[in-house]
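All remarks here apply to the structure that follows.
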Amino acid sequence: MSQNITEYVQQIVAKLTGNNNLLEQFKKDPAKIVTDLLGVKLDGDLLQNVIKAVQGKLNLDDVAKNAGGILAKLKSLFGRK
């Protein structure tokens, strides 16, 4: 079952990445967007697990992007490029 969750999360993150409109919709109503993107209705617990995993993955991606930007700014402050 965890393999299905991983596959679902990968599919959803791939569709949400770079699509700001869809990402905003996901933030407002994640259950609807997950169901719409997968095309299947998941039971309550599985749906919640997928939503949490997607949110976690998106947050990690944001943190990584922000960390890269912060590192570049720090390097420029200290004269390294």
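Extending 7 Å from the Cα toward the beta-carbon at both residue 23 and residue 35 defines two label points whose distance is 2.5 nm. 3J(HN,Hα) along region 43-49, derived from phi through the Karplus expression 6.51 cos²θ - 1.76 cosθ + 1.60 where θ = phi - 60°, amounts to 5, x, 5, 5, 4, 5, 5 Hz, with x in place of Gly and Pro.
A short reminder: the numbers here are calculations on the coordinates, not readings from a lab. Predicted, not measured: the structure shown is a model, and the values here were computed from it. Here the Cβ is made from the backbone with ideal geometry for all residues, glycine too, and neighbour counts use every protein chain on show.
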